[in-house]
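Presented below is the structure to which this report refers.
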Amino acid sequence: MKFSVIIPVHNAENYIREAVGSVASQRLPGDTEMEVILVENGSGDGSAAICDEYAAVNDCVKSVHMGKVSAYEARQEGVRLSSGEWIVFMDADDKVVPELISEIQAAIEKYSSKDDDIDVILYNAAELHTPDRRMFNFPFSEDMIYGPDNRQDFHRLMCSGDSLNAMWNKCIKRELALETCLSDGRRLNHGEDLLQTAAIIDKAKGIAYLDRILYLYRINEEGLTGSYHEEFLDNQARAWEAFDEFAHKWCGDKYDEIITQRKALTCTIGMKKLIYSNLPAKDIKGKINKMMVTDFYKKYALLELPDWAPEEDVFVHGLQVEQGADMRLFRSGLKHKLKSYIKARIRKNGI
């Protein structure tokens, strides 16, 4: 059995050695093969050289350079180049446990003896600083294969929250990855996980669940995935438009209210990334007004948030719905800049 581990790499020089090292240290069963495909996409740091360095000394590592493309396209290229029967997705700033591949292989062999086909293995994860604490409280059983007729919990979770969105806690049969990950032409850097996971949940023949921590997720420390990007809201709007089709196919209008609330939260997240970004104040002011007149923002931004929305997002949303929202948001951004400046000076001077 052969596994392909696909890692899109963009400006990850501080993390990629840890990530690849955790894959390279896998405890593989004797008959198991593995390849690691590093898809570097337009990095401005030393990531490209590090990827080439690993490929030069390890036959199972491939380094591919795509230039400035989206994370979606980088992942697609990894799927095209893969030769494994099963594909594991990973982010360049995270790690996996040494038993990842062996645990997945054991599950595949276990469930392949049953009558139902499986083409997805879902597993749990933990944050890097709390490696023994599960990130997700999934309602799934390890003793079941979830076929098309008993996937209601998957549909509910996809519609009502983001706990299933990530690609990095799933191992997918290559045939399904070719069908789902290459089937959509959208160029997305944001919202791509929602879209790809929805397609996988929709088309999978059978899904098995491992209630074990096999993936270690790094909370964003340096803005690797959390900084402001001009295209964020447009990408998210297109992803949500596509997701609506899946949701209505699965559940009709049952989850329309919570999906609408999640779209409102998306607008708030986009605004939060902007006002608390490192952009010059004059740029932030102009971009606030530009964002507020987009169709997606006008339609959803002032609506109610999900009751599980983070406190910081609730605060920003409160500013969004007030009269004079543009100036209130701008002033909040200025206060954030001032606080960040003071903290930086204190750290620099050792006060």
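Observations on the structure shown:
- Scan of the range 234-254 for residues that are farther than 27 Å from K290 by Cα, open to solvent by less than 40 Å² (accessible area, probe 1.4 Å) and either of a type in the set (G, A, S) or not in a helix (DSSP H, G or I) (or both), ordered by number: A247, G252
- If the condition is being under 23 Å from I288 (Cβ atoms) and either modelled with pLDDT of 90 or more or buried (at least 17 other Cβ atoms within 10 Å of the Cβ) (or both), then the range 190-224 contributes H190, G191.
- Scanning the range 293-320 for residues that are open to solvent by less than 50 Å² (accessible area, probe 1.4 Å), among the hydrophobic types (A, V, I, L, M, F, W, C), assigned to a helix (DSSP H, G or I) and within 21 Å of A237 (Cα to Cα) yields F296, V316.
- Test: residue in the range 129-149 that is of a type in the set (D, E), modelled with pLDDT of 95 or more and assigned to a helix (DSSP H, G or I): no
- Figure legend. Inter-residue proximity from the range 81-94: first residues farther than 19 Å from I200 by Cβ, second residues open to solvent by less than 10 Å² (accessible area, probe 1.4 Å) and in a loop (DSSP other than H, G, I, E, B), beta-carbon distance below 6 Å, spacing 6+ or different chains. Indicated pairs: A92/A12; D93/A12.
- Residues that are open to solvent by 60 Å² or more (accessible area, probe 1.4 Å) and either at pLDDT 95 or above or in contact with an Asp or Glu (Cβ under 6 Å, 6 or more places away or on another chain) (or both), drawn from the range 154-172: R156
The values are calculated or read from the model by the stated rules, or taken from the named source; none is laboratory data. As the structure is a prediction and not an experimental result, all values here were calculated from the model. A quick note on method: Cβ atoms are made from the backbone with ideal geometry, for glycine too, and the neighbour counts reach across all protein chains shown. Side chains are part of the model used for accessible areas, which takes the heavy atoms of the whole protein and leaves out ligands, DNA and RNA. Shrake-Rupley method; radii C 1.70, N 1.55, O 1.52, S 1.80 Å.
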